[in-house]
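Quick notes on the structure that follows.
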Amino acid sequence: DTEFDAFGVSRGQRLSRFLEALEVVKRLWTEESVTFHGKHFHLDEVHLTMRPLQKPRPPILMAASNDNMVRRAARLGDAWAVAGHATFATLERQVKLYREALGAEGKPFPPQHFRLSKELYIAEDMDRALKEALPYIATKYKAYAQWGQDDVLPSGETFHQPIDQLRQDRFIVGDPAYCIEQIDRHREVLGVQVMSFRLHWPGLSHQRVMRAIELLGENVLPHFADAAEA
């Protein structure tokens, strides 16, 4: 709410502003001159002096957490950027919605830029990974809960729960073998083409972050080298 207040914008306008701005941006990228009169934005014969190199335009990746936005991502975007805050069961259900919505638009699944972001931490063994990472992930998601960030998630996907419960089927935290297993699971079941990982949270020491990155690079990523080259 403080961010909306700072800009003098009603929170209730966020969706209509976003959808209208998206339409304007698409047209500016693809048309020589744009005249547009909407609820929030007004343009009269406006053109870009520097047009995008990509044709017909740069790809648009839309983040979405609730079911309605997942469907909009299929209709209005080129790919869904999955935040990865929900449980695997919810992600699996929403991917099914996404596939159906893409099919209704005559679009293939998976789209080229379909991607998933995920909390991930890796250590030499499971106990060490959980001990080192969970306190900092818990602090992050406590803040998310205070901001109401889980309000947009499907029913039951609350962040207001102990970290040992919150992490279940939601975060990838463990030894190399476990991380490989979970990444494989997400790729095979959800069909994501790209995965990005958050390995650092406020308060976690730089030394531990660097060790986790090294373990990921040395013990996990080589398992997916053939897929990356393909």
| field | Filtered residue count, segment 204-230, keeping only those that are among the small types (G, A, S) and modelled with pLDDT under 95 | value | 4
| field | Verdict on A86 being open to solvent by less than 50 Å² (accessible area, probe 1.4 Å) and modelled with pLDDT of 95 or more | value | no
| request: Among the numbered conditions (1) in contact (Cβ under 8 Å) with a residue 40 or more places away in the chain; (2) closer than 14 Å to L120 by Cβ; (3) open to solvent by 30 Å² or more (accessible area, probe 1.4 Å), tell me where G217 comes up short. | output: (1)
| Taking segment 91-115, which residues are open to solvent by 20 Å² or more (accessible area, probe 1.4 Å) and part of a loop (DSSP other than H, G, I, E, B)? | E105, G106, K107, P108, F109, P110, Q112, H113
| remark: Reported set for segment 116-174 where residues are of a type outside the set (A, V, I, L, M, F, W, C), outside any helix (DSSP H, G or I), under 26 Å from L221 (Cβ atoms) and touching a residue at least 60 places away in the same chain (Cβ under 8 Å) is S117, K118, E119, Y121, E124, Q168, D169, R170
| request: Please enumerate the residues belonging to segment 38-52 that are modelled with pLDDT of 95 or more and more than 30 Å from L153 (Cα to Cα). | output: H42, L43, D44, E45, V46
| request: Would you point out which residue out of V24, V70 is open to solvent by less than 50 Å² (accessible area, probe 1.4 Å), touching a strand residue (DSSP E or B) at 6+ places or on another chain (Cβ under 6 Å) and touching a residue at least 24 places away in the same chain (Cβ under 8 Å)? | output: V70
| message | Against the condition open to solvent by less than 70 Å² (accessible area, probe 1.4 Å) and under 29 Å from P154 (Cα atoms), how does T35 come out, does it pass? | response | no
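The values are calculated or read from the model by the stated rules, or taken from the named source; none is laboratory data. Remember, predicted model here, so these are calculated numbers, not experimental data. No Cβ is skipped: glycine too gets one built from the backbone with ideal geometry, and neighbour counts run over all protein chains shown. The accessibility values were calculated without ligands, DNA or RNA, using every heavy atom of the protein model including side chains. Shrake-Rupley method; radii C 1.70, N 1.55, O 1.52, S 1.80 Å.
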